[in-house]
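See below for the structure under consideration.
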Amino acid sequence: MAAHAAAKGCEIRDKYGCRIGWKELLNLLEDRAFVRYPCEIVFDAGPLLPGEFACPLPKGARPEDGFVMYVHPLFEKDLEEVPLLVLYQLAGVNYGSFASAQDAEAFGAAALGLDPEDYYAAVCRMADRLDSVTAP
């Protein structure tokens, strides 16, 4: 599945360019060729687990009902970084519980034109920023 996810990521990069910012992300979320189900972003840490930067949760019983992509409010201050995190989580929206971390990395890295290891390192650096807001 990682190969399919990477191929879809490459198609995203071909259509939206390798610089996917906030505006491009919002357009991408409306594009059913790449985001299988409706998905909206909400900056709210309430539904997130400790240390979690984002998580898509279903709006209803069926995937077709759509998803809310909860993103930690810490990242609302820099909307241009949000696509990096949301692309990782979109693998779960597109592939459901079948998506692995490697699939998410392949999808996001390909969409942004990054090496998967570099993409993973960037996601980890951003996730590490949560330590500053969750530490006692």
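Results for (1) more than 14 Å from A6 (Cα to Cα); (2) part of a strand (DSSP E or B), shown as yes or no for each residue.
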site: C55; (1), (2): yes, yes
site: E64; (1), (2): yes, no
site: E80; (1), (2): yes, no
site: L90; (1), (2): no, no
site: M126; (1), (2): yes, no
site: S132; (1), (2): yes, no
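Take A111 and tell me if it is closer than 17 Å to A3 by Cβ and part of a helix (DSSP H, G or I). In short, yes.
For the structure I just gave you, tell me whether Y119 is within 18 Å of V42 (Cα to Cα), aromatic (F, W, Y) and modelled with pLDDT of 95 or more.
Judged against the criteria, Y119 is not a match.
Here E76 does not fit the description of being among the charged types (D, E, K, R), within 15 Å of I41 (Cα to Cα) and not in a helix (DSSP H, G or I). Of all residues in the stretch 1-35, those satisfying the criterion of being more than 21 Å from E81 (Cβ to Cβ), in a loop (DSSP other than H, G, I, E, B) and modelled with pLDDT of 95 or more are R32, A33. Residues in the stretch 93-115 that are surrounded by fewer than 18 Cβ atoms within 10 Å (Cβ to Cβ) and not hydrophobic (A, V, I, L, M, F, W, C): G96, S97, S100, Q102, G113, D115. Can you pull out every residue in the stretch 7-33 that is hydrophobic (A, V, I, L, M, F, W, C), touching a residue at least 60 places away in the same chain (Cβ under 8 Å) and within 13 Å of L90 (Cβ to Cβ)? Within the stretch 7-33, I12, I20, L25 qualify. Among residues of the stretch 1-37 being charged (D, E, K, R) and within 15 Å of L114 (Cα to Cα), the one that is farthest from the chain's Cα centre (by Cα) is D14. Restricted to the stretch 71-103, and to residues that are without any contact (Cβ under 8 Å) to a residue 60 or more places away in the chain and of a type in the set (S, T, N, Q), which residue is farthest from M126 (Cα to Cα)? Ranking the qualifying residues of the stretch 71-103, first place goes to S97.
Condition check for P38 on (1) loosely packed, with under 13 Cβ neighbours inside 10 Å; (2) more than 22 Å from L130 (Cβ to Cβ); (3) not β-branched (V, I, T): one failure, at (1).
Scan the stretch 46-84 for residues that are hydrophobic (A, V, I, L, M, F, W, C), in contact with a Pro (Cβ under 8 Å, 6 or more places away or on another chain) and surrounded by fewer than 18 Cβ atoms within 10 Å (Cβ to Cβ) and jot them down. C55, L57, V68 - these are the residues of the stretch 46-84 that are hydrophobic (A, V, I, L, M, F, W, C), in contact with a Pro (Cβ under 8 Å, 6 or more places away or on another chain) and surrounded by fewer than 18 Cβ atoms within 10 Å (Cβ to Cβ).
The values are calculated or read from the model by the stated rules, or taken from the named source; none is laboratory data. The model shown is predicted, which means the values in this text are computed figures rather than measured ones. Cβ coordinates were reconstructed from backbone atoms using ideal geometry, including for glycine residues, and neighbour counts include every protein chain displayed.
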